[in-house]
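The values are calculated or read from the model by the stated rules, or taken from the named source; none is laboratory data. The model shown is predicted, which means the values in this text are computed figures rather than measured ones. Using ideal geometry, Cβ is built from the backbone for each residue, glycine included, and neighbour counts are taken over all protein chains shown.
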Amino acid sequence: MWRRARIEGLSIRVALHHKTEYHYDRLVTLSPQVVRLRPAPHSRTPILSYSLRISPKNHFLNWQQDPQGNYLARLVFPEQTQRFSVEVNLVADMTVINPFDFFLEPYAEKFPFEYDPALARELRPFLENLESTPKLDEFVRTIDLTPRPTATFLVELNIRLQRMIRYLIRMEPGVQTPDETLERASGSCRDSAWLLVQALRHIGLAARFVSGYLIQLKADEKPLEGPAGPEADFTDLHAWTEVYLPGAGWVGLDPTSGLFAGEGHIPLAATPDPTSAAPVSGLVSPCEVEFAHEMSVTRIHEDPRVTKPYTDEQWDRVLALGDKVDRDLEAGDVRLTMGGEPTFVSIDDMDGEEWNTAALGEEKERRAGQLIRRLRDKFGRHGLLHFGQGKWYPGESLPRWAFTCYWRADGAPLWRDDQWIASPEQDYGDGGQEGQEFAEGLAARLGVLPGYVMAG
């Protein structure tokens, strides 16, 4: 199981290298070879550059597309050779993809549903079932078809398969039958993907087999709970499943991890059957062969972020540039004011209302009070703290609170004795009556009419 690296609103640019070599013990004749190692048109991960290098250099290459739109490189070798190699280099922008960012047609929002007849005809190759087999039939009968949101159903089925089938690296060619995978309760990524394809088709959902690249990036910070993910950046050939949902199109499910496909999944070939998704296919005259394979992924650009900020050297350059800009503004007598509105999230209560929808909460108020005091000590010593009404957003019954600090630019103090600044973390025993009396007394001291004093 793996965990996707999440960098909200930022991206990491990576270079992927993939090389496959075949060394033969004699000169051989190669039939036309078909290579499926170019990102498919429906890949949601932005591919910034791509190159394909073939050896021997004496060859003819024609780019083609199969009936599903996948790119095929058809290679013809006019001469015999003792070596055949395929090298792929690409640059991908790992912009975060929300796999649930889709809308469904009303009739498909809950499963079970049936495709529109015209759509079903178009999806016929992806609805074709294998012959009935005992283990697969038994598994399909155990699938809970209680009506519920389609996305929820798919999440549950995907996770169930991930827990049922133990992942293993299998070097044998081909794909196990669904019965073999269920019987052994283990298989490679392609075995789990094909099992899920057949399970979905047996319950009336169009599904296809996908081969592609999987990129896993090491997280900046280890999670507080759950799997830690890869210890280093990693890439490999992978296989998963795509299901067709009306309104959303093809949606990727990875039964190896139990996750939906995201930015780390780069499809190379999506087909009705695994046999037409092989990375390299073709014939060779009789010989002995040695196979070599190498893959790597390298970060070539990273935006600074909270979990991995600027280095000290980078920050020094930022500060130096800021000082230069300040000098230029002062020289030009340019006067500016600037405000900021930082947004905070919780590291251990991400679903809490106060960190999502509620205007205020006990923990948020405590943290805000601590922050405004630290800012006052840093920038506005002897400044005035004010806790009052802030913005009032449409749809909210009450306005939000605003914690504000005021200080004089000349350094003259607005507040001298910090002991009279109350702390929201301490209960002083005062209630509404005391607050009313204080407000009225303050109004009188300031010469403000009592009518302007209103209960909060």
Gly340 being small (Gly, Ala, Ser), in a loop (DSSP other than H, G, I, E, B) and without any contact (Cβ under 8 Å) to a residue 60 or more places away in the chain = yes
Residue under evaluation Glu294, criteria (1) exposed (fewer than 15 other Cβ atoms within 10 Å of the Cβ); (2) over 21 Å from Leu90 (Cβ atoms), criterion not met | (2)
Would you point out the residue of the stretch 436-456, among those that are modelled with pLDDT under 85 and assigned to a helix (DSSP H, G or I), that is nearest to the chain's Cα centre (by Cα)?
-> Tyr452
Exception for Leu360 within (1) touching a helix residue (DSSP H, G or I) at 6+ places or on another chain (Cβ under 9 Å); (2) not in a loop (DSSP other than H, G, I, E, B) falls at (2)
Members of the stretch 158-173 that are surrounded by fewer than 15 Cβ atoms within 10 Å (Cβ to Cβ) and free of Cβ contacts under 8 Å to residues at least 24 places away in the same chain = Arg166, Leu168, Ile169, Met171, Glu172, Pro173
State all residues of the stretch 166-217 that are closer than 30 Å to Pro117 by Cβ and part of a helix (DSSP H, G or I); if no residue qualifies, say none.
-> Pro178, Ala193, Trp194, Leu195, Leu196, Val197, Gln198, Ala199, Leu200, Arg201, His202
Out of Ala248, Ala228, which single residue is of a type in the set (A, V, I, L, M), more than 18 Å from Asn129 (Cα to Cα) and in contact with a Lys or Arg (Cβ under 7 Å, 6 or more places away or on another chain)?
-> Ala228
Residues of the stretch 93-110 being surrounded by 15 or more Cβ atoms within 10 Å (Cβ to Cβ) and either more than 23 Å from Trp250 (Cβ to Cβ) or under 14 Å from the mean Cα position of the chain (by Cα) (or both), which ones?
-> Met94, Thr95, Val96, Ile97, Pro99
Candidate set from the stretch 270-291 (those that are of a type in the set (Ser, Thr, Tyr) and surrounded by fewer than 14 Cβ atoms within 10 Å (Cβ to Cβ)); member that is modelled with the lowest pLDDT | Thr275
